[in-house]
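**Q** Sending over a structure as structure tokens; questions will come in a sec.
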Amino acid sequence: MTTGDFDLDGDLDLFIGQWKEPYLKGSMPTPYYDANDGYPDALLINDGKGNFTDGTKNAGLEAKRNRRTYSASFTDLDGDNDLDLFCVCDFSGIDVYRNEGKGKFTDVTDNWVKQRHGFGMAHTVADFNGDGALDVYMVGMSSTTARRLDRLNLGRDGFEKYDAMRAPMTYGNRLYFGSSNGLQQPALSDDVARTGWSWGTGSADFDNDGDLDLYVANGHLSGNSALDYCTRFWCHDVYTGTSMPNQTLDTFFSGKLSGLGSNYSWNGFEHNHLFLNKQNSGFHNVAFLLGTAFEFDARAAVTADIDVDGRNDLLVVQYDSHAKQQRLFVMKNQIPAKGNWVGLHITDFAGQPANGATVQLFAGKRRDIFQLVTGDSFTAQHPSTAHFGLGENGSVDKLVIRWPSGKTKTLDQPATGKYHTVTP
């Protein structure tokens, strides 16, 4: 779910995405690279009196409302001060909708994004390159099996399109930089692309050096052996079935899948990744060095300064397929970071909701921007706090907070090394 005042009438509207599992009653997402055969998403319009109405069709979101949506966020991607909609979907990738005002969206995916495909699971929105425009990091599934089949030039006659889409669908995670021409995928996206079967993600300046780092939770189902189901999926299942239920296939799949997570694995024994950003020239995975790699099947991940000491900590959720339960790990940041920092707790202001508010940092030549979004990561929510690592900068010129209504407030030369709170 994501909330935001997309129609600028002073109250929070709601977008609800739904995911539909594959194999259900013998059906399969069809086609596996552009499926639109799931349960319907819904845009609910708030009238400010406790009532919501379904505005999906009228807002222009009807055509793709049956995506298998894992995460979505209202966020201002084009910098025109209204909230666009960014959706991450399994068995298709991403969809981007530009807010045209007056309660209408336009699907700009093909115009804004050169490569949109992937098994999308989650995303995080931030200004990764510090240019004052919001960027997006989408996480999905990468597959060594699919790459091996491509290198061997193996496929199935009559399914040439399916085989051609293996590479873009299993590229993995995609980093997009925002620009006036839409979302551009830079070369350093390759550094953070292949982490495995990714789920939750978050961005934060863990070492306070002035650039944003990334954390990715990985691993699907780890069983009692390294025998993996991925080969069967890419050599058989992807070619089998349609969007419709099939009793014969249901019987077949039920038998084959019954041992998942127990007798055998599916992308099991994968490790989480913590990518340190090296001044926007590339990323390095330091999860092992910093004690955050783990080997369990991870799901939700949240970056947050839990103890309010100016260093971002981690919340990581383990999924135990044997016990069918989850376990929360709270990881305290103990990096001996010497970099300076400043933070801001974002609140509602003058009757305007905080969701969608932006905070822009002015410090020397820096013009970083932060926006409070909802619906990112996976089955989790980040706090309404902006945190900026400053590196060697000893001072901040100003912080400018802008609410979706257009109301603004400026904090001139705010003290560093502390969190500020804006009150009416």
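**Q** Most fluctuating residue of Q326, Q381, Q115 in a GNM of the chain with Cα springs under 10 Å: which is it?
**A** Q326
**Q** Any chance you could run the full-extension gain for S262 through E100? It's 0.36 nm times the residue separation minus the Cα-Cα distance, nm to one decimal.
**A** On the way: separation 162, 0.36 × 162 = 58.32 nm, distance 4.95 nm.
Additional length available on full extension: 53.4 nm.
**Q** Determine the gain in length on full extension of the stretch T251-N111; use 0.36 nm per residue of separation and subtract their C-alpha separation, reporting nm with one decimal.
**A** 46.2 nm
**Q** On to the next question. Run the 1.4 Å probe and let me know the accessible area of R194, rounded to the nearest 10 Å².
**A** We get 140 Å² for R194.
**Q** With label points built 7 Å along Cα→Cβ from the Cα atoms of R151 and F269, find their separation and express it in nm.
**A** 1.9
**Q** Right, here's the next one. Taking +1 at the Cβ of each Lys and Arg and -1 at the Cβ of each Asp and Glu, which of T408, G394, A380 sits farthest along the dipole of the stretch 313-424 towards its positive end, judged by Cα position relative to the Cα centre?
**A** Result: G394, furthest along the dipole toward the positive end.
**Q** On to the next question. Assign unit charges at the C-beta atoms only (+1 for Lys and Arg, -1 for Asp and Glu), then state the dipole size of the stretch 202-334 relative to its Cα centre in Debye, rounded to the nearest 20.
**A** Values: 8 positive and 16 negative charges, 117 e Å.
The calculation lands at about 560 debye.
**Q** Note the full-extension length gain between E160 and Q184 as 0.36 nm times their separation in residues minus their Cα-Cα distance, in nm to one decimal. Let's see the in-between values first.
**A** Values: separation 24, 0.36 × 24 = 8.64 nm, distance 2.80 nm.
Stretched out fully, the E160 to Q184 stretch lengthens by 5.8 nm.
**Q** Something else now. Over the chain, give the accessible area per residue in Å² for a 1.4 Å probe, as an integer. Please list the in-between numbers first.
**A** Working: 17830 Å² over 424 residues.
I get 42 Å² per residue for this part.
**Q** Follow-up question, since we're still on this one. Calculate what fraction, in whole %, of the accessible area of the chain sits on carbon and sulfur atoms when a 1.4 Å probe is rolled over the protein chains. Mind dumping the intermediate values first?
**A** Working: 9000 of 17830 Å².
Carbon and sulfur together cover 50 percent of it.
**Q** Put K25, K64 in order of accessible area, largest first, 1.4 Å probe: what do you get?
**A** Working: K25 135, K64 45 Å².
From most accessible down to least: K25, K64.
**Q** So what's the chain giving for Rg/Rh, alpha carbon basis, Kirkwood Rh from the mean inverse pair distance?
**A** Across the chain, the Cα-based Rg/Rh ratio is 0.97.
**Q** Any idea what % of Cα-Cα pairs in the stretch 67-168 are farther than 20 Å? Please list the in-between numbers first.
**A** Details: 2454 of 5151 pairs.
For the stretch 67-168, the fraction of Cα-Cα distances above 20 Å is 48 percent.
The values are calculated or read from the model by the stated rules, or taken from the named source; none is laboratory data. Since the structure is predicted, the reported quantities are computational estimates derived from the model, not experimental observations. Because the Cβ atoms are built from the backbone with ideal geometry, glycine has one as well, and the counts that use them run over all protein chains shown. Each accessible area value is taken on the protein alone, full model and side chains, heavy atoms only, with ligands, DNA and RNA left out. Shrake-Rupley method; radii C 1.70, N 1.55, O 1.52, S 1.80 Å.
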